[in-house]
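Encoded as structure tokens, the structure appears first; notes follow it.
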């Protein structure tokens, strides 16, 4: 019998790719998102059942009969007011897990953020899952509080795993790296500031989806947190040069410039992200370096009309 999975935020960038990955891996998938969410790119092979995390009464029907809940839904825009961040990320997760425990769900795979680690400057030690959680901004605080809800339910008997992707990119993306690619694509020549040495964090969305399916099928991942980031360790200037090359544009070194790598939380950082924990389980990234994933992403974004 197929295992049954619920994907929250299924109409979003990560959620949509996760639905497809789970279907490929043989899961029976129920997709949920807000009733008015755009379902134009949601796989027709997934059952659709709308729900609203902010409405407690909508949670019980959507989790009923599910084996695993993949919780990707939430507010990730750092500009949103605290009230919305708390309602969606903290209370919404509370309502979902409360209903999941009542329905006898076997386990939760929940999404978190590097923002829970807070601002870390000029630290060359690999940032792994042992780093203390010290969020310094509202979005990071809401995600840390969401994680605390997940671990409270884990201790109460609802097994959980937490994933912390860095900046995801890939087909169907909007904003984040896709927004950077769009800005760079409009330039006749790409200025590469030689003074920018911060690192660009990245992970392909298909690897995020693969990792979620992977951890959900292992018992040794219960009660664990995993950072998800590729092996790319590009400085800002090296990453911009890579984008220019992939877009077929000439790059020009400049002594100082405002970085084009803006528009997404944790897009560039001063620390070295570590993915050694997930790789210790023999998980292998299909796109271990953005050099292998960016060209495909650009091709897809062009096909979608996003770069026109």
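The values are calculated or read from the model by the stated rules, or taken from the named source; none is laboratory data. Being a predicted model, the structure only gives us computed values, none of them experimental. Methodologically, a virtual Cβ is constructed for each residue, glycine included, from the backbone with ideal geometry; neighbour enumeration extends over all protein chains shown.
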Residue that is nearest to the chain's Cα centre (by Cα) [pool: residues in segment 272-292 that are at pLDDT 95 or above and outside any loop (DSSP other than H, G, I, E, B)]: 278
Only residues that are touching a helix residue (DSSP H, G or I) at 6+ places or on another chain (Cβ under 9 Å) and either outside any helix (DSSP H, G or I) or farther than 21 Å from residue 215 by Cβ (or both): list them for segment 85-103, please. 85, 86, 88, 90, 91, 92, 94, 95, 98, 99, 102, 103
Candidates 180, 184, 190, 162, filtered to the one that is outside any loop (DSSP other than H, G, I, E, B), touching a helix residue (DSSP H, G or I) at 6+ places or on another chain (Cβ under 8 Å), surrounded by 19 or more Cβ atoms within 10 Å (Cβ to Cβ) and not assigned by TED's automatic domain parsing to the domain that holds residue 236: 162
List the number of the failed condition for residue 73; all other conditions in (1) part of a helix (DSSP H, G or I); (2) buried (at least 18 other Cβ atoms within 10 Å of the Cβ) hold. (1)
Failed condition for residue 209, given (1) in contact (Cβ under 8 Å) with a residue 60 or more places away in the chain; (2) surrounded by 15 or more Cβ atoms within 10 Å (Cβ to Cβ); (3) in a loop (DSSP other than H, G, I, E, B): (3)
Does segment 92-105 include one or more residues that are under 20 Å from residue 9 (Cα atoms), surrounded by fewer than 17 Cβ atoms within 10 Å (Cβ to Cβ) and out of contact with any strand residue (DSSP E or B) (no Cβ under 8 Å at 6 or more places or on another chain)? yes
